[in-house]
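Heads up: the structure comes next, in structure tokens.
The values are calculated or read from the model by the stated rules, or taken from the named source; none is laboratory data. Just so it is clear, the model here is predicted, and its values are computed rather than measured. Methodologically, a virtual Cβ is constructed for each residue, glycine included, from the backbone with ideal geometry; neighbour enumeration extends over all protein chains shown. The protein model used for the area step is the full one, side chains on, heavy atoms only, and it has no ligands, DNA or RNA in it. Shrake-Rupley method; radii C 1.70, N 1.55, O 1.52, S 1.80 Å.
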Amino acid sequence: MSRGGGTRVRGIRPAGTRALLVELESLSDVVALSAELRTRPLPGQVDVLAAAATVLVRFARRRETVAAEGLIEALDLTHGEVPDARTVTIETVYDGEDLAEVARLTGLSEDAVIKAHTGTAWTGGFGGFAPGFTYLVGGDPVLKVPRRSTPRTAVPAGSVALAGDYSAVYPRESPGGWQLIGRTNAVMWDLARESPALIRPGDSVWFKPVRKLIATTSPRDGAVETKPEATDQVPSPTQRNHTSLEVRSPGLQSLLEDLGRPGYADLGVSVSGAADPRSARQANRLVGNPPEVAVIENLFGGLELVARGDAVLALAGAELPAAVVSPDGIRDRPAPLNAPFALLDRETLTLGAPFRGVRSYVAVRGGIPVEPVLGSRSTDTMSGIGPSALDSGARLPVGAVSGVVPVGAPEPSSLGAPGGVGVLGHGTTPTLLRITAGPRQDWFGPDAAAALTRSVWFTTNESNRIGVRLATDPEDSAAQPLHRVRDGELASEGVVAGSLQVPPSGLPVLFLADHPVTGGYPVIAVVVPQDLPLAAQLPPGHPIRFVFVDPDTLTPLGAEDTAALFPEGTP
């Protein structure tokens, strides 16, 4: 449909219950809509992300999402202006793991692939996936190749890659399904620069083949640099409260997390924040903190914290044994879960292995006031933005409390009582996750919808804060991967937390807090926000089931209503 200013909206698709994926006719239309929404945000708008042919708009609440569809259709737009273009040269060693495969797919020799990649200027199209990851367009069309059927769990920083019509450089180590043809040591993202991204939309990019990369004094390859104070965990001499927490042992992984940094998706920065925000909020509530204060997110226990001064703490999230050990190491007392407790000077808090859930949240009264990065104190494991992962010997400052703010009373577990919807299952009891149809359900037929909801899926050991990778039950002969009814490649587009993205292998990946902001595999369904905290608490090998629900009432849909979402013969 045509809109004022020449912008054409092809369609608007729901992306979960709190986001819309707007399809447009051209990249210039994408620029126009994203520019308009950034200049004049819609009510409740949280984030806007432009991609190849879509704009993802995320909202704070469901009612604002519903109202926005009509508002977007009524917009009178004028195309935005592209910033002044620059020329960027990327020195590249062409020895990528997939170079031979790209040669096979294109029918070229490896040398011819290199000549095609370096013989034409590429143009920065749009950002996404991760900070500094810019989709490059306009290269030699002979290099159009599909993504890998199964994405890698870790692509090295500086990898030069191809997928579909695009080329790009991975700014840091991250998962990815692109074909790797080379590597560079160019720093793609650096917060110390006036423009953090090395390549911006509209820039002309040339790849220069070299035999060897010259060492540089710039930040390490692909690293995301933060200001020095961003990872400083030592209290300032001027801080009024001199209490701190010393990390004696971080366990497998301990991170600082708050409620995240929304609003930066167009820079490739995900919201991040606590993987289980419900438990993080509860821990803060119990010690009398505001909900947005930073807490410690610990994975699989093993955390040991020593108080330097008296402190009030609370534990929420995973159920595990916890104890407070005296300074002499002889006496200990149980540390309660979901209730405030004192950790006196030189006492040590120890967390054991969880028996339900995987992530625990430790809040301290006054919060942990390290320097924020892009408005948040969260560690984003995908982009590397925010404080470093906690290590032994780190000192965490404890903020001062102003006014009279009472601590909270003991509360029930945020994981819920065993059994039912919205509850983390025990052992072999599947956890039920509610889903709504994804923006690309038309890539799947009713058989895939039935397989998604009929099967018991299992989490794998490759799961992390970026996403939960799922597998079928090897003992269930009826269990099968999800099959598409459409061939070809999907242009990269914005995705939200909770998305069930399906690569060609047919095994879904459930995106969590640190997910890439864009993806190139179709999303069959989206877990409702209310159930994402449970998804973040799933241990490896845990069974889960999915049920389609009405996006407004969250009540389960019947078989006929579910089948209607995936009609036979979907184009």
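The number of residues in the range 298-311 that are within 22 Å of V358 (Cβ to Cβ), open to solvent by 20 Å² or more (accessible area, probe 1.4 Å) and in a strand (DSSP E or B) comes to 2.
Filtered by the rule that a residue be within 19 Å of T460 (Cα to Cα) and open to solvent by 10 Å² or more (accessible area, probe 1.4 Å), the range 543-554 gives a lone residue, R545.
Report yes if some residue within the range 290-297 is crowded, with 22+ Cβ neighbours inside 10 Å, at pLDDT 90 or above and part of a helix (DSSP H, G or I); otherwise report no. No, the conditions are met nowhere in the range 290-297.
Restricting the range 156-185 to residues that are open to solvent by less than 20 Å² (accessible area, probe 1.4 Å) and aliphatic (A, V, I, L, M) leaves a set whose member that is farthest from L267 (Cα to Cα) is I181.
Check the range 70-82 and report whether any residue there is free of Cβ contacts under 8 Å to residues at least 60 places away in the same chain, of a type outside the set (S, T, N, Q) and in contact with a helix residue (DSSP H, G or I) (Cβ under 9 Å, 6 or more places away or on another chain). Scanning the range 70-82, I find at least one residue that is free of Cβ contacts under 8 Å to residues at least 60 places away in the same chain, of a type outside the set (S, T, N, Q) and in contact with a helix residue (DSSP H, G or I) (Cβ under 9 Å, 6 or more places away or on another chain), so the answer is yes.
The rows are residues; the columns are (1) among the small types (G, A, S); (2) over 19 Å from F548 (Cα atoms).
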| site | (1), (2) |
| --- | --- |
| G403 | yes, yes |
| V407 | no, yes |
| R440 | no, no |
| P446 | no, no |
| S455 | yes, no |
| D473 | no, yes |
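Restricting attention to the range 106-150 and to residues that are part of a helix (DSSP H, G or I) and among the β-branched types (V, I, T), the residue that is most open to solvent (accessible area, probe 1.4 Å) turns out to be V142.
Pairing each residue of the range 193-211 that is more than 16 Å from A265 (Cα to Cα) with any residue that is open to solvent by 40 Å² or more (accessible area, probe 1.4 Å) and not in a loop (DSSP other than H, G, I, E, B), provided the two are 6+ apart or on different chains, yields C-beta distances under 6 Å for S204/T87; W206/T89; K208/T89; K208/E91; V210/E91.
Filter the range 269-287 for residues that are within 24 Å of V496 (Cα to Cα) and either in a helix (DSSP H, G or I) or of a type in the set (V, I, T) (or both) and give the result.
V269, V271, P277, R278, S279, A280, R281, Q282, listed by residue number.
Criterion applied to S388, S360 was being assigned to a loop (DSSP other than H, G, I, E, B), closer than 30 Å to T460 by Cβ and touching a residue at least 40 places away in the same chain (Cβ under 8 Å), and the one residue passing it is S388. Filtering the range 68-105 to residues that are modelled with pLDDT under 95 and open to solvent by less than 10 Å² (accessible area, probe 1.4 Å) leaves I72, L77. Just to verify a result, which residue in the range 15-31, among those that are β-branched (V, I, T) and within 14 Å of L49 (Cβ to Cβ), is most open to solvent (accessible area, probe 1.4 Å)? So the residue we want is V31.
Listed by first and then second residue, the pairs linking a residue in the range 422-444 that is within 24 Å of A318 (Cβ to Cβ) and at pLDDT below 75 to a residue that is surrounded by fewer than 18 Cβ atoms within 10 Å (Cβ to Cβ) and not small (G, A, S), with Cβ atoms under 6 Å apart and 6 or more places separating them unless they lie on different chains, are H426/P418. Within the range 488-524, the residues that satisfy the criterion of being over 30 Å from N298 (Cβ atoms) and of a type in the set (G, A, S) are G488, A491, S492, G494, S505, G506, G520. Can you tell me how many residues in the range 156-172 are in contact (Cβ under 8 Å) with a residue 60 or more places away in the chain, in a strand (DSSP E or B) and either within 20 Å of D190 (Cα to Cα) or among the charged types (D, E, K, R) (or both)? Number satisfying all stated conditions: 3.
Put simply, of G494, G498 the only residue that is under 13 Å from the mean Cα position of the chain (by Cα), at pLDDT 90 or above and either at positive phi or surrounded by fewer than 22 Cβ atoms within 10 Å (Cβ to Cβ) (or both) is G498. Looking at P503, P540, P567, P474, just one residue is at pLDDT 90 or above, open to solvent by 50 Å² or more (accessible area, probe 1.4 Å) and in a loop (DSSP other than H, G, I, E, B), and that residue is P540. Within the set D332, D310, the sole residue that is in contact with a strand residue (DSSP E or B) (Cβ under 8 Å, 6 or more places away or on another chain), at pLDDT below 95 and farther than 30 Å from L37 by Cβ turns out to be D332.
Here's the yes/no breakdown for (1) closer than 30 Å to S26 by Cβ; (2) open to solvent by 10 Å² or more (accessible area, probe 1.4 Å):
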{"position": "R465", "(1), (2)": "no, no"}
{"position": "G488", "(1), (2)": "yes, yes"}
{"position": "V523", "(1), (2)": "yes, no"}
{"position": "V528", "(1), (2)": "no, no"}
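Working only within the range 312-353, note down all residues that are closer than 20 Å to N289 by Cβ and open to solvent by 40 Å² or more (accessible area, probe 1.4 Å). Listed by number, the residues that qualify are V312, P336, L337, A342, L344.
Select, from T153, T65, the only residue that is over 25 Å from K212 (Cβ atoms), touching a residue at least 40 places away in the same chain (Cβ under 8 Å), open to solvent by 50 Å² or more (accessible area, probe 1.4 Å) and not acidic (D, E).
Within the list T153, T65, the selection yields T153.
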